[in-house]
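The values are calculated or read from the model by the stated rules, or taken from the named source; none is laboratory data. Since we're looking at a predicted model, the values are computed, not measured. We place every Cβ from the backbone using ideal geometry, glycine too, and count neighbours over all the protein chains shown. Surface accessibility is based on the protein's heavy atoms, side chains included, excluding ligands, DNA and RNA. Shrake-Rupley method; radii C 1.70, N 1.55, O 1.52, S 1.80 Å.
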Amino acid sequence: MSVRIIMKLLVETREQLDDDLVRIAFRHPIRPQLPIWTPGAHVDVRLGNGKIRQYSLTSDPSDLSRYAIIVKRERDGRGGSDFIHEHFTEGTHVRVSMPRNNFKLATGRGVLIAGGIGVTPLISMGRALSQSKMLESFYFCSKTSRPSIEGELSQFCGDSLSTYFSNEPDSQRLNVASLIENLSSDLHIYCCGPERLMSEVKHLTSDWNPDQLHFEAFNASEDQKHKAEPFDVTVSSTGETLRVSESQSILDVLRVAGYVIPSSCRQGICGTCECGYTSGEVIHRDSILSPDARQDRIMLCVSRARVSVTLDL
Ligand code: FES
């Protein structure tokens, strides 16, 4: 588990891309360069109202003078995007974490499938794949046309870009089944978007090698059938065993007991509370750990256990 360093950055530019889309670029007030990052990374942005939100970096990792994010105003959201749209003006100081990457590029040619604002992590990934001549194709689906995003993507995608705008009269929906059926099975698929799109891609690629499938959720997935049960959690460094009730998370219980555990999204989508475990049957409820990682890693904010789990903490 690593504590994320928080930087105090300055909003350098704010660019209204669309009615509900704004691009914010941050720079360090003194230093010429920000910490390095890789395509697909995100940062935690601390809002002045005490909330923390995760946003993918959309700028070019080779330009470390700035970090850029694109924020869609979600009218029915939890208030984070509203706050940014209203308060992040040029010159505002904002606390931003060091970048973290849960959605890394693998070696090999890649197909990118983006739904709505899920396009944001794929912008830097598509750019990197294109630069290394490893971009097979980029599919961008949205309800409405997004000329600013399309313009940015077409700069590096060229003919590899296909767009689908379901509410536009002359456009059509992406036929995901036909797309997957026609893909060469040695490609990597990167997908980020609404739960429905990602579920469809996951379902249609269920016989693929999991190492070639890469997903990033920007909302926690709802598991309607999950029924929380109490269990014990043991901290290996102290030998202490604590009870986690059906209404608590491991994170909550550890904190009450005095353990310092970093967290951010508390939805299993950012990776901040990741921890190792050495024994126990874990019920993974996060949206980021790979099947391999789940053998010995757990997200303490959402995941649970059957009977007991011992943490490498
Ligand atoms: S706090 Fe984000 S995954 Fe747990």
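Worth pointing out:
- For segment 278-290, residues that are closer than 24 Å to S237 by Cα and crowded, with 22+ Cβ neighbours inside 10 Å total 0.
- For the residues K72, K133, K104, K143, the requirement of being in contact (Cβ under 8 Å) with a residue 60 or more places away in the chain, open to solvent by 40 Å² or more (accessible area, probe 1.4 Å) and under 30 Å from T205 (Cα atoms) singles out K104.
- R294 vs. criteria within 14 Å of the ligand (Cβ to nearest atom) and out of contact with any Asp or Glu (no Cβ under 8 Å at 6 or more places or on another chain): yes
- Listed by position, the helices (runs of 4 or more DSSP H) contained in segment 103-207 that have at least 2 residues being small (G, A, S) and within 17 Å of S287 (Cα to Cα) form an empty set.
- Criterion: among the small types (G, A, S) and open to solvent by less than 30 Å² (accessible area, probe 1.4 Å) - qualifying residue of G158, G193: G193
- Residue pairs meeting the criteria (Cβ under 7 Å; at least 6 apart or on separate chains; first over 14 Å from C301 (Cβ atoms) and open to solvent by 20 Å² or more (accessible area, probe 1.4 Å), in segment 241-256; second away from the ligand (no atom under 12 Å from the Cβ) and in a helix (DSSP H, G or I)): L242/V253
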